[in-house]
1. What angle, in degrees between 0 and 90 and rounded to the nearest 10, separates the Cα long axis of helix 163-182 from the longest principal axis of the Cα atoms of the chain?
2. Take the Cα of H204, step 7 Å along the line toward its Cβ, and report every residue of region 1-28 whose backbone nitrogen sits under 16 Å from that point.
3. Could you let me know the centre-to-centre spacing of region 141-158 and region 41-84, using Cα atoms, in angstrom?
4. Quick one: if the Förster radius is 30 Å, what FRET efficiency do A84 and M1 give, using the C-beta to C-beta distance and rounding to 0.05?
5. List, in the order given, every pair from K20/K182; K36/K136; K36/K147; K5/K113; K98/K182; K5/K91 whose Cα-Cα distance in the structure shown is over 30 Å.
6. Subtracting the Cα-Cα distance from 0.36 nm times the residue separation, let me have the gained length for K98 to I19 in nm, one decimal.
7. When you count, for each residue, the other Cβ atoms within 10 Å and take the mean per peptide, how do 16-28, 99-111 rank with the highest first?
8. At a Förster distance of 25 Å, what's the computed FRET efficiency of Q66 paired with E163, Cβ-Cβ distance as r, to 0.05?
Amino acid sequence: MSWSKDTWQTISPIYNRIIKMPFIEELMDGSLPLEKFQFYMSQDSAYLENFGRALALIGARAYDTQNMLTFLQFAENAIIVESALHESYFKEFGVSEKAIVQPACHHYINFLKSTAALDNLEVAMAAVLPCFWIYKAVGDYILENQKDGENTYQAWIDTYAGEEFGEAVTKAIQICDEHAEKTTPQIRARMTEAFVTASNLEYHFWDAGYSLRTW
Ligand SMILES: Cc1ncc(CN)c(N)n1
C-alpha cells in the first residue's frame with residue numbers, strides 16, 4: 001500500500017471526528033453563526049500567510065527544480081487564490097484582516113514553519129499535506145451532503161471542493177508518495193507522525209473557531 005493510503009487510514013478517526021464537528025455541520029447547512037465564521041476567517045488569514053511561507057521554504061529545499069516549482073506555486077496559490085476568497089468574505093462580513101493570532105492558529109503555523117525549516121524535507125512535505133487533503137475531503141463531503149438552497153458559505157465550499165484545488169491535492173499526495181518510497185523507514189515513520197500532528201491541528205483549528213477560543 002502507498003504511504004498516503006496507509007497514512008490516511010491512520011488519520012481516518014480524526015477525519016471522521018472533523019466531519020461531525022458542529023463547525024462543519026453548520027457550515028454545511030449554512031446555520032453557522034457569523035461570529036464563529038468571522039473568527040475562523042480572521043485566524044485563517046494569518047494561517048494562509050504562514051502556510052504560504054512554509055510552502056515556499058519547502059520549495060527552496062526541494063531536491064529538484066520541478067518540485068521546487070510545484071511548491072512555489074502552492075505557496076503562490078495559498079497567498080493569492082485562497083486569500084482572495086477571504087478578501088471577499090472580509091468585505092461582505094466586515095472581518096478585520098489583521099487579528100491577533102490565537103492559540104490554535106499559533107500552534108499550527110509554528111509547527112508548520114519549524115518543520116519546514118528544520119526537519120527532513122520529506123517530513124516537511126508530509127506536515128503540509130493535511131492542509132491540502134483534509135480541506136479537499138471536507139469540501140467534497142459538504143458538497144455531496146448539503147441540502148439544496150442558499151448557503152452563505154457556498155463560495156468557501158466551492159473553493160475546496162473545486163477541480164483546481166483537487167489537482168493541487170493530487171499533486172501534493174503524489175510528491176509525498178514519491179519521497180516516502182525513496183526514503184528510509186525511520187523518516188517514513190516521521191512523515192506519518194507529522195501528518196497525524198497536522199491532522200489533529202486541523203481539528204483544533206475548527207474547534208477553536210466554534211468555541212471562539214482566545215488566549
Ligand atoms: C487551517 C487551514 N488548513 C488548511 C487550509 C487549506 N489550505 C486552510 N485554508 N486553513
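A short reminder: the numbers here are calculations on the coordinates, not readings from a lab. Fair warning: this is a prediction, and the values are worked out from it, not measured in the lab. Here Cβ is always computed from backbone atoms with ideal geometry, including for glycine, and neighbour counts include all displayed protein chains.
1. 30 degrees
2. 14-15, 18
3. If you average the Cα positions of each part, the centres end up 26 Å apart.
4. 0.20
5. K20/K182; K98/K182; K5/K91
6. Numbers: separation 79, 0.36 × 79 = 28.44 nm, distance 2.84 nm.
Value of the extension gain: 25.6 nm.
7. 99-111, 16-28
8. Values: r = 22 Å, r/R0 = 0.88.
That gives a FRET efficiency of 0.70.
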